[in-house]
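Report on one structure; see the data block that follows.
The values are calculated or read from the model by the stated rules, or taken from the named source; none is laboratory data. Bear in mind that the values here come from a model prediction, so they are computed numbers and not experimental data. Note that each Cβ is placed from the backbone with ideal geometry, even for glycine, and that neighbours are counted across all protein chains shown.
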Amino acid sequence: MTGLLLDTQLLIWAAYTPNRLSSSLAAELVDRRNDIRYSLVSLWEVAIKASLGREDFQVDPSALRRGLLREGFQELPIEVEHVLAVRHLPLIHRDPFDRLLVAQALQEHLHLLTTDKTLMGYGEAVQWAG
């Protein structure tokens, strides 16, 4: 079983515009052998950016969560160990939400899937999903 953690953009695409996902990622998401996770970090990011009026984040975080759980995604809470691990990450990416997602992937031995090329600098824990 492979543990996969989707970044926030991929979660939004999976929930609202699945046609934007690559065919290989779409196949991974329906493969029941994979442990598909989403982080509370992503819900937090959506809530903050939507409240700031960001056009690309006009998503209801409660509805997003309900949909993800309904589709079988597992929720990954934010643990103290995740927060503390951010301190030890190289400063490749400045976005605090993305840095916390990387820390979670490393701490939980998950593959963080992303289409953010900058995140690829964090090595094996991050995989390209484009």
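Within segment 4-35, the set of residues being touching a Gly at 6+ places or on another chain (Cβ under 7 Å), over 22 Å from residue 118 (Cβ atoms) and either surrounded by fewer than 16 Cβ atoms within 10 Å (Cβ to Cβ) or modelled with pLDDT of 95 or more (or both) comprises just one member, 35.
The number of residues in segment 9-39 that are assigned to a loop (DSSP other than H, G, I, E, B) and not charged (D, E, K, R) comes to 3.
The set of residues from segment 42-92 being of a type in the set (Phe, Trp, Tyr) and modelled with pLDDT of 95 or more comprises 44, 73.
When residue 116 is tested against (1) within 21 Å of residue 24 (Cβ to Cβ); (2) modelled with pLDDT under 95, exactly one condition is not met: (2).
Scanning segment 50-70 for residues that are within 15 Å of the chain's Cα centre (by Cα) and charged (D, E, K, R) gives a single hit, 65.
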